[in-house]
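The structure appears below as structure tokens.
The values are calculated or read from the model by the stated rules, or taken from the named source; none is laboratory data. Just so it is clear, the structure is predicted and the values come from calculations on it, not from any experiment. Ideal geometry is used to build each Cβ from the backbone, glycine not excepted, and the neighbour counts take in all protein chains shown.
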Amino acid sequence: MAQNVLITGANRGIGLELARQWHQRGDQVIAVCRQPSEELQGLGVRIIDGIDVTRGEEVQRMAEALGDERIDLLYNNAGILLDESLENMNFATMEQQFEVNTLGPLHVTHAVLGNMGEGAKIGLMTSRMGSIADNDSGGRYGYRMSKAALNAAGKSLSVDLKPRGIAVAILHPGYVRTEMTQGRGHITPDEAAERLVQRMDELNLENTGTFWHSDGSVLPW
């Protein structure tokens with residue numbers, strides 16, 4: 001049976017590849033973004049554009065566009081990576097990353113919970129850089145803190161939603177060659193998306209709330 005899959009940040013990079021791969025599997029994809037790319041428009045999926053996950057009125061408009069449509073799988077992919085160091089501490093960019101990377105996914109999730117029932121799944125695109133135990137290089141204050149906070153939110157969601165039969169995955173995609181990483185990385189977006197789809201396939205109420213690398217290994221908090 002085809003799933004209804006909602007993906008944020010679906011206009012490029014990993015989000016675009018997730019949309020492509022779920023669509024190719026025969027699932028019904030709803031791609032959410034601020035501005036659709038030509039590549040996304042060419043997939044033939046449903047697009048809800050003009051949505052900035054940091055703006056409450058736009059997230060509400062997305063929810064209204066969905067109506068009572070069932071959502072089987074929500075993938076919170078929208079995110080940004082900015083850079084701060086001890087020598088260049090920019091609190092404005094740190095706040096911006098919290099808005100997009102932490103509060104955005106939580107806002108979207110809360111807005112569509114009414115469309116999700118027993119058996120539904122939620123994926124949160126986090127990062128290994130949000131691991132406190134794994135931090136041996138410092139820096140990237142805003143990104144690290146925003147992803148660590150997202151991990152905490154994801155864990156709480158997994159506990160609170162388990163009685164409703166909804167499972168939550170907290171997922172690091174790997175070091176992926178995208179615009180965000182300026183083309184640096186170990187794997188391509190399509191390789192990352194393939195792994196992430198597999199992790200979501202394997203997600204259930206027994207392993208809900210796990211912090212995974214896309215290769216299937218469990219990451220330290």
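Only residues that are closer than 18 Å to LEU161 by Cβ, charged (D, E, K, R) and touching a helix residue (DSSP H, G or I) at 6+ places or on another chain (Cβ under 8 Å): list them for region 62-79, please.
Scanning region 62-79 gives a single hit, ARG70.
When you scan region 74-96, how many residues do you find that are touching an Asp or Glu at 6+ places or on another chain (Cβ under 9 Å) and part of a helix (DSSP H, G or I)?
Qualifying residue count for the region: 3.
Under the condition of being over 14 Å from GLY123 (Cα atoms), in contact with a helix residue (DSSP H, G or I) (Cβ under 6 Å, 6 or more places away or on another chain) and among the hydrophobic types (A, V, I, L, M, F, W, C), which residue from region 17-31 is surrounded by the most Cβ atoms within 10 Å (Cβ to Cβ)?
The qualifying residue surrounded by the most Cβ atoms within 10 Å (Cβ to Cβ) is ALA31.
So, THR210, is that one surrounded by 14 or more Cβ atoms within 10 Å (Cβ to Cβ), β-branched (Val, Ile, Thr) and in contact (Cβ under 8 Å) with a residue 24 or more places away in the chain or not?
So THR210 passes the test.
Tell me which of these THR210 doesn't satisfy, since it passes every other one: (1) at pLDDT below 90; (2) under 15 Å from the mean Cα position of the chain (by Cα); (3) among the hydroxyl-bearing types (Ser, Thr, Tyr).
Evaluating THR210 over (1) at pLDDT below 90; (2) under 15 Å from the mean Cα position of the chain (by Cα); (3) among the hydroxyl-bearing types (Ser, Thr, Tyr) leaves (1) as the failure.
Taking the conditions exactly as written (without any contact (Cβ under 8 Å) to a residue 12 or more places away in the chain, surrounded by fewer than 16 Cβ atoms within 10 Å (Cβ to Cβ) and closer than 25 Å to GLY174 by Cβ), does GLN41 satisfy them or not?
no
What number of residues within region 106-159 are touching a residue at least 60 places away in the same chain (Cβ under 8 Å), farther than 18 Å from VAL53 by Cβ and part of a helix (DSSP H, G or I)?
So the answer is 1.
Consider region 104-145. How many of its residues are aliphatic (A, V, I, L, M) and either on the phi > 0 side of the Ramachandran plot or surrounded by fewer than 17 Cβ atoms within 10 Å (Cβ to Cβ) (or both)?
So the count comes out to 2.
Can you name every residue in region 67-93 that is hydrophobic (A, V, I, L, M, F, W, C) and crowded, with 19+ Cβ neighbours inside 10 Å?
If the condition is that a residue be hydrophobic (A, V, I, L, M, F, W, C) and crowded, with 19+ Cβ neighbours inside 10 Å, then ILE71, LEU73, LEU74, ALA78, LEU81 are the ones that fit.
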